[in-house]
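Single-structure report; data block below.
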DNA sequence: CTTTGCATGTAAACCGTTACATGATTTT
DNA sequence: AAAATCATGTAACGGTTTACATGCAAAG
């Protein structure tokens, strides 16, 4: 984020919340201590707190060592971490004791959630399109991803409703 | 898992690793202390350590309070947690400094990962089909999910390769 | 003049993984 | 006899969230 020009902890948090948060969230409790650690490691450098414009803010910039470390990470072919935690899926897995109606309701809730994210991402789309590059690719991926989940769950819903109708 | 008949910490871990682990992983470091906590709360009861069959094992079963608590969770309409951590996506987001070749390689690695999970899930499919119900629904979902990711990324790869060819 | 937003940060709690320790049994 | 598997567990570490504390500036 610092390389992209967002330079204070606050700005980083802002940008994270409208961009990467759907696949990599972050909180102030992580960001500020991490900035300090990165500075101790010589990867970033903080300019002295500016109060000139009235507001106190502490912008950071990458050191050459920081640029290098960032590139090393970007190019590292190591198995990239992928982790999903989906409570709805857990409930679905253990849903055998539920009534068919309850199961349909659960799947509907899961679908709605994905639809909401999709709607939100769609509203950002025009802005991201102009940026292009990595950020736009990830946004399109996120959009396609949540649309897929929503429509798959809609299909499961229909399936469960038909079972329900067939038995009554 | 206990309700489903897996009753010792070891058995629970085994089952988690072949079922829910793709959307909800767990380690011994979580499972054994959690069993103790659940027992303190009166939601499960451990039978005395059996050494009868030679092997020491401590099976648990749900108490009535535990059954109730489990049902309350299953039916709770509260917003279900959904969290994704995808390091590949992060790299893609920040990939603007990469060469086109490097970017293609990154996307290919991400695709391969999803293909591997898909292959693995497909090998379990026949077993899960007979079980049916919740577990089979989640397996089908997981399979469709990873297939979707793999094919979307394959599309992005093609797109990036065409750009590459167009520029050379 | 009150609320919202900018801006920085910390402490406690919580969650989870990794690595280790132990020992019996079954398989090779 | 060695290696793998069954089986239970803990300690240290690391990552993350939540809630709090502080204070100034801009907008209503």
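Read-outs throughout are calculated quantities, based only on the coordinates presented, and are distinct from any laboratory measurement. Keep in mind that what you see is a predicted model, and the values were worked out from it rather than measured. Using ideal geometry, Cβ is built from the backbone for each residue, glycine included, and neighbour counts are taken over all protein chains shown.
Structure summary
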quantity: Most mobile listed residue (A:134, A:155, A:81) in chain A, GNM with C-alpha springs under 10 Å; calculated: A:81
quantity: Alpha-carbon centroids, the range A:62-83 and the range B:103-161: separation in whole Å; calculated: 26
quantity: A:123, A:76, B:95 arranged by Cβ crowding within 10 Å, fewest neighbours leading; calculated: A:123, A:76, B:95
quantity: Segment residue A:72-residue A:127, extension gain: residue separation times 0.36 nm, minus the distance between their alpha carbons; calculated: 16.9 nm
quantity: Label point 7 Å beyond Cα along the C-beta direction, distances from residue A:164 to other copies (nm, shortest first); calculated: 4.9
quantity: Label geometry 7 Å along the beta-carbon vector: residue B:124 inter-copy distances in nm; calculated: 3.1
quantity: Förster-model FRET efficiency, 41 Å R0, residue A:63 and residue B:167, C-beta, rounded to 0.05; calculated: 0.80
quantity: Other copies of residue A:32: label-to-label distances in nm, shortest first, labels 7 Å along the beta-carbon direction; calculated: 3.8
quantity: Other protein chain Cβ atoms within 10 Å, averaged over every residue that makes up A:93-101; calculated: 6
quantity: Relative contact order (%) - criterion: Cα under 8 Å, at least six apart; region: the range B:87-167; calculated: 40
quantity: Estimated [θ] at 222 nm from DSSP helical runs (n ≥ 4, -39500 (n - 2.57)) normalised by residues in chain A, nearest 500; calculated: -22000 deg cm²/dmol
quantity: Listed residues A:135, A:64, A:77, most fluctuating in chain A (Gaussian network, C-alpha, under 10 Å); calculated: A:77
quantity: Degrees, to the nearest 10: B:133-167 long Cα axis against longest axis of chain B; calculated: 20
quantity: Order of A:107, B:127 - criterion: other Cβ atoms within 10 Å of each residue's Cβ, fewest first; calculated: B:127, A:107
quantity: Descending Cα extents along the principal axes, the range A:87-167, whole Å; calculated: 52, 22, 14
quantity: Whole-angstrom Cα spans of the range B:1-102 along principal axes, big to small; calculated: 63, 39, 20
quantity: In Å, descending, principal axis extents of the Cα set of the protein assembly as shown; calculated: 69, 44, 42
quantity: Acute angle (nearest 10 degrees) that the helix A:28-40 long axis makes with the longest principal axis of chain A, alpha-carbon atoms; calculated: 40
quantity: Residue with peak Gaussian network fluctuation, chain B [Cα springs, cutoff 10 Å], from B:108, B:144, B:65; calculated: B:65
quantity: Tilt relative to chain B, helix B:100-131 - C-alpha long axis, 0 to 90 degrees, to 10; calculated: 40
